[in-house]
Amino acid sequence: QVQLVVSGGGLVQAGGSLRLSCSASGNILSSNVMGWYRQAPGKQRDLVATIGSGGSTNYADSVKGRFTISRDNAKNTVYLQMNSLKPEDTAVYYCNFRAYWMSYWGQGTQVTVSS
């Protein structure tokens, strides 16, 4: 089992910044992928960004150049720095930990961007 604890999120004006953190604990396999997904009301949950344990990253086109995902392997923590936020970034953001056949989700955190 892997437990994920998310922090960050909140309300920010358009153009502002927020930082999300997600710390993993439990059965952490060294080869894994951690990432962030988001779900807006009435929409499906979509990929925001992922980062492998080796540092490889993947971003949704909509956030490229504005969001940066990073991780601290020693702390089993992944971060999402969100800059130049837009109202369309408003969603519940979820952390995900994936290793081989296992996939775990953290609790969602609300990000609201006002125009």
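The values are calculated or read from the model by the stated rules, or taken from the named source; none is laboratory data. Note that this is a predicted model, so its numbers are computed, not measured. FYI the Cβ positions are ideal-geometry reconstructions off the backbone, even for glycines, and counts take in every protein chain you see. Heads up: the accessible areas ignore ligands, DNA and RNA and are worked out on the full protein's heavy atoms, side chains in. Shrake-Rupley method; radii C 1.70, N 1.55, O 1.52, S 1.80 Å.
So here's what we get for this one:
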item	result
Interchain or long-range residues, amide H under 5 Å from K86's placed H	G15
Mean separation of Cα contacts under 8 Å, 6 or more apart, over the residue count of the chain: relative contact order %	36 percent
Percent of beta bridges antiparallel (DSSP, the chain, rounded to nearest 5)	90 percent
Per residue accessible area in Å² of the chain, where ligands, DNA and RNA are left out and the probe is 1.4 Å	51 Å²
Net charge contributed by nearby residues that have their C-beta within less than 12 Å of L80 (K/R +1, D/E -1)	+3
Accessible surface of the chain [probe 1.4 Å, protein heavy atoms]: carbon and sulfur percent	47 percent
Integer Hz, Karplus 6.51/-1.76/1.60 couplings in order for segment 29-45, x for Gly and Pro	7, 5, 9, 8, 10, 10, x, 10, 10, 9, 9, 8, x, x, 10, 7, 7
Sites R45 and A74 - FRET efficiency at Förster radius 35 Å, r taken between beta-carbons, to 0.05	0.75
Sum of side-chain charges, C95 neighbourhood, beta-carbon under 15 Å (Lys, Arg +1; Asp, Glu -1)	+4
Unit charges on C-beta of K, R, D, E only; dipole of segment 8-115, Debye	40 debye
Convex hull of the chain built on C-alpha atoms - directionally averaged projected area, nm²	6.7 nm²
Residue-by-residue Karplus 3J(HN,Hα) for segment 74-91, coefficients 6.51, -1.76, 1.60, Hz, glycine and proline x	5, 9, 6, 10, 10, 10, 10, 8, 10, 10, 6, 5, 10, x, 6, 7, 4, 4
Estimated inter-spin distance, W105 and Q1, nm [label 7 Å along Cα→Cβ]	1.8 nm
Sequence-distant lysines (8 or more away, or on other chains) whose Cα lies within less than 27 Å of K86	K43, K64
